[in-house]
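A quick write-up on the structure given underneath.
The values are calculated or read from the model by the stated rules, or taken from the named source; none is laboratory data. This structure is a prediction, so every number in the text was calculated from the model and none was measured. Here the Cβ is made from the backbone with ideal geometry for all residues, glycine too, and neighbour counts use every protein chain on show.
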Amino acid sequence: MTQPATSDPAQADPAQAEQLAAEFIQDVKHLRHEIGKVIVGHDSIVEGVLSCLLAGGHGLLEGVPGLGKTMLVRTLAQALDLNFSRIQFTPDLMPADIIGTNILVEDSGGGKRFEFQRGPIFAHIVLADEINRATPKTQSALLEAMQEKSVTVSKTSYHLEPPFLVLATQNPLEMEGTYPLPEAQLDRFLLKLKVEFPGREEMHTILERTTSRQDPQAQPVVGRDRVLQMRDVVRQVPVAHKVQDFAIRILQATHPDRPDAPEMSRKFVRYGASPRGAQAMLLGAKILALLDGRFSASCDDIRKLVHPALRHRVILNFEGEAEGITTDIVLTEILERVPQEAP
Amino acid sequence: MEGATTLGIVGVLAATVAIYLAKADLIGGARLSAALLAALGLALVGAVVGAARRVDLQRLAKRIDTSHDLHDRLGTALEFSQTQATSSFRRAQVKDALGQLNRVQPARAIPFRRPREIRLLGLTLLCMAFVVLLRFPLDRPRIVPTPPLARLTIAPEDLEPHVAQALELQKQALEQQLPEVSQLARELNKLFKQIQNKELTRKELFAKLAELEKKYMEGLDGNFDELLKKLKKMGGELKKEKLTREAGKALEQANLNKARKDLDQLSKKLDQLDKQQQRKLARSLDRAAQQKMEKDQLQRKVDQLKKQIRRLQRQLQQQKNNPQARRRLQKQQRQLQRLNQQQQRQAQQRRQLQRLNQQMQQAAASLRNQLSPEAMKALQKAAQQMGRFANQLNKLQMMGKAQGQMVDLKELLRRLGQGKGKQGKLKDFMVRAKGARPGQKGNKGQGKGKGLMLDPSGQGGALIMPLPGAPGAAQPGGNDPNGPPADGIGNGSDPNLKGQATQLKSRRKNVMVRGEQGEGPTKSEVILGASDKGFATQHYRRVYREYTEVIEEVLKREEVPLGYKYYVKRYFQLIKPR
C-alpha cells in the first residue's frame, strides 16, 4: 500500500512523489476505462465527476433528460465498489425520507423502543436525481450532510462514512414546479458540470451498445480505502504562489464592488463567488496537474476550472438576467481581462 | 538594443546640431569632433547599460513556459527552489522542470525583435544626412519687398448712396449752422472722393473712419429724451395761455427753434401788454417753470454695477486665472465708465433746465412787479437758452445720422472684405434672413414646424392650412439641427431672444381655405383691375420721405440686427426718388 509522501525536508524524496503520482494516474486510468465501458463520450464530465470524488466535494450535473447523467453516477459507483443510493426528488419528498427516522420497534421481551432507521443518505455515493423538484425544506436536509458529513436526528448526530459523495442532477428545461437551489446549497457543490448532447460518432456508439444484446457492466477497480488515499495524494500537490494568486484574482474579479472588476462584472453581477470557489479551483487544478503528469498546478489548470467551479457561485443581477447574460459569459470575460501576472 | 537605440537617437540629434553649427561657422572643427565622439559614446553607453541590466528570472521563466507550453513548470520550480520548506512533491516538481530544460530553446522564448524606436533612429539619421548635404548660401538672401496692399475698390452704385447722404448732411449742417457737423460732412466727402480715386486701402479707410469717430463722436452718445420730455411738458403748460400758445405748441412738437423765436418775439411785445395780460403771462411762465429732471435716475444702475464689479474683483483675487471673470470685469468697468459719462451729461442738462426755469421765474416775478425791462431781459435769456437746447438737439441728431452713415459704410466694407459678388450678397442675405450670420451654419427651426399641406385627396385643390396646435398637422424639420429647415411655423424661441417670446397659447380656431379651381385672371385683367382702384394722389417724394422717417425711427428704436439694417437702408436707397 502506498504511503503518503512526507513533508520533512530531510526525508523528502522526489521518487516517492513520482511513485504516488504514477499510481494515481494508473488508478484514474482504470476508473475511466471501466466507466468508458458504459458511458460513451462525456470525457470532461467524467473527469469533473472524478475530480469531485478525489477532491472530497460534491457535484451538480445539469443537462436535459436522457443524456446519461444517472447512468454515469451509477457506473461510477460500480467501478468504485462503493455503496450507492439513488434518491428521486419529488415535491412530496420529506427530509425524513432522505435522512431516516426513528421508528417504534418491539424487542423480544415485549418492550417498545425507538430505533433509528437510516435513510438513503447513508451511502458512499448518493445520486440526488432532479434535486430541484424537491421543496426547499427537503433540499436543506442535504445541507448538513454535504458540508459536515453527518446528519442529526432528534439531537443525535450520525456520521456518514467517508468517502461521501453527493452527485445531484437537475434539468434546465422544465422549470415549472421546480424549486431552484438556494445560493447556500449551490455553494456546497464543488463543481457544476453541464452535460452536453453527444456528437454524431458518440451517438452511433450509444445506439450500437443500447440496441444490441450486449449489456456492458463496469467492474470495481478501486476500493474505498484507495479513494481515501488518492484524496490524500491530491492534497499533497503543491501550488505556486503566483498560481494561487491568479485564482484569487479571478475570484475577486467576480465581485462587482471591487475597483478592478471587469465592466461585465460590475454591470451584470449581483454577488460574486465565495472563497469556496477558489478552494474548488485549486483542488481541481491539483487533480488536473496530477493527471497531466505534473507535480504542481499551473495557471492553465486554473483556467480550465474557472467555469465549472464558479458558474453556480456567481449570481447575476436583474439587468444581467434581462439581457440574457449567463454566468459562463461573465466568466469568459473575466478570464480575458484578468492577466496571469499580478499587476 | 533598446537602450542603444534610445541613446543613439539622442546622440544623432546632438551630432546633427553640432554639424549644423559647424556649417554655420559657429563652432570650430575641434568642437565638432568632440561632439561627434560624445554622440557615438552616448549610443555605446546605451548599449552597455541595456546589456548590463539585470534580467528578471521570473519573467524569463514565464516567457519560456509560455513559448514551450510547459504549464508554468519553470516558473513554479524557480519559486519552489527559492523557498526553504520543501516536500517530495516540490522536489519532484523541480526535478521535472530541470528535465524539461534540455528542450528549451532561448531563441524561441525571446525571439529577436527590432527595437521599438528604430524608425525614429532612421529618421534622425536622415535628418543628419540632410544637414551634412546642406549648403549654406554665401550671400544674404535678397529681401523681396512686400507688395503694397491692394487699393480699395467699391462699385459706384454701392458708393453713390453714401456720397449723396454725405452731401445732404453737409447741406443740412450749413442750413442749421452746425459747424462741427458741417466739418464732419466735408471730411466724409473727402474720404468718398479718395475712395472713388482708389487712393485708400481698406485698412486705411477703417483707420480714417475710426479717427473721425474719435474726433467728432466721443461724448456724443448722450440721451436728450429726458430733457425733451420736460421741455414738451413745459410747452403743454405754456400752451394753456393765449400769449404763450404758439411757443408752447412749438415746444410740444419739439420744434425748439420756433419756440426760441416765439419767446423772443414775446419779449419784444411785453411793453404793449396791459396789467391783466402781464399777470396772466407771469402765471403761465410760473407754471411752466416747474420742470425738474430726476437726479438719481442712473444712480441705481451705477450702484448695481459697482457692486458687481466689487464681487468680480473678489472672485478674481481667489481665482486669478479665470479669464471669463476677467472679461466680465472689464466689460462692466467699461459700462460703468459710460454710465458715469451719461450721469455727467445728465447733470449738465439738469443745470441748463434749472437755468431756464430760473429765467422764466425771474421774468414772471418782474412782470408781477411791473418791471418790464427786467422781464424782457429775463425772457430773452430764456429764449437764448432755448436756442442752445435747439442747437444741442440738432447737433445730436445730425451727428447720429453721420454716425449711422459711418456704420453703414463699415458694414459695406466688411461685406466687400468677404469677397462677395451679387450672388454672394444674395446668399448672404438668405443666411441672415434665417437668423444666422454669414459663414456660420444657421440654426434650424427651434420648434417643430407645422407645414402647409395639400389635401391628400387632391379633390378640388383644397389647401389645408393647419395653425399651430392643430391636430394631424405635418411636422417637418423640427429639432434636428442637421435636418432641412421646416417650412412651417416653429413653436420654440431663439435662445438669444430679447424681450418676450411670442405667446402661442392664444385662442384661435382652425381655418380651412378652399382654393378655386381654374387658371385665374389673365394679365390684362389683373392690370385693369389694379387701375380700377384709382391712381396715386400723393407725390412719390412725399410718400418716400414719410416712410423713410418712420423706418429710420424704427431702426433707431428697435434692436434690429446690423445685417438687416443694412438691407433695409439699402432698399430705401434704391427706391429713393431721383
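It is to be established whether one or more residues within segment A:3-26 are among the hydrophobic types (A, V, I, L, M, F, W, C), assigned to a helix (DSSP H, G or I) and away from chain B (no Cβ under 14 Å). No: zero hits.
For segment B:76-125, taking the residues that are under 30 Å from A:Ala12 (Cβ atoms) and in a loop (DSSP other than H, G, I, E, B), the one that is nearest to the chain's Cα centre (by Cα) is identified as B:Val104. Within segment B:236-274, which residues are among the small types (Gly, Ala, Ser), at pLDDT 85 or above and surrounded by fewer than 18 Cβ atoms within 10 Å (Cβ to Cβ)? If the condition is that a residue be among the small types (Gly, Ala, Ser), at pLDDT 85 or above and surrounded by fewer than 18 Cβ atoms within 10 Å (Cβ to Cβ), then B:Gly236 is the only one that fits.
Matching residues to (1) in the same structural domain as A:Val314 (by TED's automatic domain parsing); (2) under 20 Å from A:Ile39 (Cβ atoms); (3) modelled with pLDDT of 85 or more; (4) not in a loop (DSSP other than H, G, I, E, B):
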| residue | (1), (2), (3), (4) |
| --- | --- |
| A:Ser140 | no, no, no, yes |
| A:Val151 | no, no, yes, yes |
| A:Tyr158 | no, no, yes, yes |
| A:Leu167 | no, yes, yes, yes |
| A:Gly177 | no, no, no, no |
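Return the only residue of A:Leu82, A:Leu76, A:Leu60 being under 15 Å from the mean Cα position of the chain (by Cα), under 13 Å from A:Val227 (Cα atoms) and in contact (Cβ under 8 Å) with a residue 12 or more places away in the chain.
On inspection, the qualifying residue turns out to be A:Leu76.
The single residue among A:Ser85, A:Ser44 that is part of a helix (DSSP H, G or I) and hydroxyl-bearing (Ser, Thr, Tyr) turns out to be A:Ser44.
In this structure, is A:Leu288 assigned to a helix (DSSP H, G or I), surrounded by fewer than 23 Cβ atoms within 10 Å (Cβ to Cβ) and either under 19 Å from the mean Cα position of the chain (by Cα) or within 14 Å of chain B (Cβ to nearest Cβ) (or both)? In short, yes. The sole residue among B:Ala325, B:Ala282, B:Ala259 that is assigned to a helix (DSSP H, G or I) and within 15 Å of B:Ala375 (Cβ to Cβ) is B:Ala282.
One residue stands out in segment A:240-255 among those that are touching a residue at least 60 places away in the same chain (Cβ under 8 Å) and in contact with a helix residue (DSSP H, G or I) (Cβ under 7 Å, 6 or more places away or on another chain): the one that is farthest from the other protein chains (Cβ to nearest Cβ), namely A:Thr254. Determine if segment A:204-220 includes at least one residue that is farther than 17 Å from A:Leu331 by Cβ and within 14 Å of chain B (Cβ to nearest Cβ). No, segment A:204-220 contains no residue that is farther than 17 Å from A:Leu331 by Cβ and within 14 Å of chain B (Cβ to nearest Cβ). Against the definition (surrounded by 10 or more Cβ atoms within 10 Å (Cβ to Cβ), closer than 30 Å to B:Asp225 by Cβ and modelled with pLDDT of 80 or more), how does B:Lys556 come out, yes or no? Taking the combined requirement at face value, the residue does not satisfy it.
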